[in-house]
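Here is the structure we will look at, set down as structure tokens.
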Amino acid sequence: MEAFLVSTGLVALAEIGDKTQLLSFMLAARYKRPWPICWGILVATAVNHAMASAVGAWVATLVAPTTLRWILAASFVAMAVWMLIPDKLDDDAQPSAGRLGVFGATTLAFFLAEMGDKTQIATVAMAARFDAFLPVVLGTTLGMMVANVPAVLLGDRIAHRLPVRAIHATAAAIFVALAIAAVVTG
């Protein structure tokens, strides 16, 4: 249960102001069809984070526990620093529905945007840390939905009201706490 709750909360916080949340705002403004967008986000995130969690679990089997502890601690500290750097969505990253439709365009755009993103890297690290594939995948996917569904449904009405810097600082502090826990508890 710890893996699920930490994964959910951390990804929900990390996603605020992230490029994939900015993509959610953009998709909502462009297509004005919230439900296919939400379903596309869900499918893309579940597949992407399942792959990331599998990589994390695999890495945990290859590395000695003591070494893994220090790698995880360094990864969590790096994620804390990365959380404090604001994301921007490239202007040329305008997804087109084309033949894929809104659901397909959202799924593809979200899957690709999530590659190498903070939340994907965090998913790898949490899967290695907790050794709990399904709770991490479910938690990180729920965290993405918690952050992105309101972005799709409410759009710009909420975007400017969120204390993004405070949210990122909180997420960074949680990553530092996870780094400390990785070293102290193994």
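The values are calculated or read from the model by the stated rules, or taken from the named source; none is laboratory data. Just so we're clear, the structure is a prediction, and the values are computed from it rather than from any experiment. Quick reminder, even Gly has a Cβ in these numbers, built from the backbone with ideal geometry, and neighbours come from all protein chains shown. Note: areas computed on protein heavy atoms with side chains; ligands, DNA, RNA excluded. Shrake-Rupley method; radii C 1.70, N 1.55, O 1.52, S 1.80 Å.
Quick look at the values:
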| read-out | value |
| --- | --- |
| In Å, descending, principal axis extents of the Cα set of the chain | 49, 32, 30 |
| Full-stretch length increase - TRP39, ALA74 - with 0.36 nm per residue and alpha-carbon distance subtracted | 9.2 nm |
| Net charge contributed by nearby residues that have their C-beta within less than 15 Å of ALA128 (K/R +1, D/E -1) | 0 |
| Mean Cα-pair separation over length for the chain, i.e. relative contact order, pairs under 8 Å, 6 or more apart, % | 48 |
| Carbon plus sulfur fraction of accessible area for the range 1-141, probe 1.4 Å, in percent | 71 |
| Accessible area of the chain divided out per residue, in Å², using a probe of 1.4 angstrom | 49 |
| Angle between the chain longest axis and helix 101-114 axis [Cα atoms, degrees, rounded to 10] | 30 |
